[in-house]
Amino acid sequence: EHNPTLVEKYYFKKVQRIAKKVNEDSTDYHKLLSAVSELTIYSYAFLMEKANRKSISDYDAGKTIYKMAQKYFIEAKGYGLKGLKLKYPEIETIIGLKKYKPLKLSEDDLPFLYWTAAAWGGAISSSNGNLSYIVQLPKVGWLLERALEVNSDWNQGALYSAMISY
């Protein structure tokens, strides 16, 4: 049966369960990947979509939903960075740099690079033009460019789609 509210509630509960599991063991690569991807999906699919629609009729209410989405995007980005740091402890200090010691990224890193970039992009988008977020945009591109270097055909061209949005 078509019931978007029920689906949103179910997905939110799912995201809460995942976050709880990650908080119990924040060094589990698979739990962190699940957290960054599912929280990012939830934020885009439900919160950003709702904020976009709501801000047309009630700007302040839409702004409130954007802030909630941003909170979740930032949380998701944190999970993604934590997952990347398990293999590359220095990654946070080199994201966005033009000159850096090259990382030996592998096919296994692509989901983290993609979902972390998506979460970061969502945080920027949901800021509605806040300059402190907009200046972080090159970091999204950096993550996507590193992923493209590993395998540009990953996930049936998902990286190219992300680059178009970027």
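The values are calculated or read from the model by the stated rules, or taken from the named source; none is laboratory data. This structure is a prediction, so every number in the text was calculated from the model and none was measured. Glycine also receives a Cβ, built like all others from the backbone with ideal geometry; neighbour counts cover every protein chain displayed. Heads up: the accessible areas ignore ligands, DNA and RNA and are worked out on the full protein's heavy atoms, side chains in. Shrake-Rupley method; radii C 1.70, N 1.55, O 1.52, S 1.80 Å.
Find all pairs meeting these conditions: Cβ atoms under 6 angstrom apart; at least six residues apart or on different chains; first residue within the stretch 1-22 and under 21 Å from residue 79 (Cα atoms); second residue among the hydroxyl-bearing types (Ser, Thr, Tyr) and open to solvent by less than 60 Å² (accessible area, probe 1.4 Å).
11/42; 15/42; 18/34
Being touching a residue at least 24 places away in the same chain (Cβ under 8 Å), open to solvent by 40 Å² or more (accessible area, probe 1.4 Å) and of a type in the set (Ser, Thr, Tyr) is true for just one of 42, 114, 100. Which residue is that? Show your work before the answer.
Working: 42 fails: open to solvent by 40 Å² or more (accessible area, probe 1.4 Å); 100 fails: touching a residue at least 24 places away in the same chain (Cβ under 8 Å).
On inspection, the qualifying residue turns out to be 114.
I want to confirm something. Restricting to the stretch 52-67 and keeping residues that are of a type in the set (A, V, I, L, M) and touching a helix residue (DSSP H, G or I) at 6+ places or on another chain (Cβ under 6 Å), which single residue is nearest to residue 124 (Cα to Cα)?
We begin by selecting, within the stretch 52-67, every residue of a type in the set (A, V, I, L, M); these are 56, 61, 65.
This time we only want the ones that are touching a helix residue (DSSP H, G or I) at 6+ places or on another chain (Cβ under 6 Å), so: 61, 65.
Numbers: 61: 19, 65: 14 Å.
The residue in question is 65.
If you go through the stretch 98-108 one residue at a time, do you hit one that is in contact with an Asp or Glu (Cβ under 9 Å, 6 or more places away or on another chain) and within 21 Å of residue 23 (Cα to Cα)? Before you say what the answer is, go through the steps one by one.
Our first condition is that a residue be in contact with an Asp or Glu (Cβ under 9 Å, 6 or more places away or on another chain); within the stretch 98-108, this holds for 100-101, 103, 105.
Subsequent filtering for residues that are within 21 Å of residue 23 (Cα to Cα) retains none.
No: zero hits.
Test of understanding: among 29, 66, 10, which residue is open to solvent by less than 30 Å² (accessible area, probe 1.4 Å) and among the aromatic types (Phe, Trp, Tyr)?
Numbers: 29 fails: open to solvent by less than 30 Å² (accessible area, probe 1.4 Å); 10 fails: open to solvent by less than 30 Å² (accessible area, probe 1.4 Å).
Of the residues listed, the single one that is open to solvent by less than 30 Å² (accessible area, probe 1.4 Å) and among the aromatic types (Phe, Trp, Tyr) is 66.
Could you identify the single residue in 92, 75, 145 that is at pLDDT below 95, open to solvent by 30 Å² or more (accessible area, probe 1.4 Å) and of a type in the set (Asp, Glu)? Full working, then the answer.
Numbers: 75 fails: at pLDDT below 95; 145 fails: at pLDDT below 95.
Just one listed residue meets the conditions, 92.
Would you say residue 51 is hydrophobic (A, V, I, L, M, F, W, C), under 14 Å from residue 69 (Cβ atoms) and more than 16 Å from the chain's Cα centre (by Cα)?
Details: hydrophobic (A, V, I, L, M, F, W, C): yes; under 14 Å from residue 69 (Cβ atoms): yes; more than 16 Å from the chain's Cα centre (by Cα): yes.
Taking the combined requirement at face value, the residue satisfies it.
Give the residues of the stretch 11-57 that are over 22 Å from residue 111 (Cβ atoms) and in contact with a Gly (Cβ under 6 Å, 6 or more places away or on another chain), sorted by residue number.
Matches in the stretch 11-57: 51, 54, 55.
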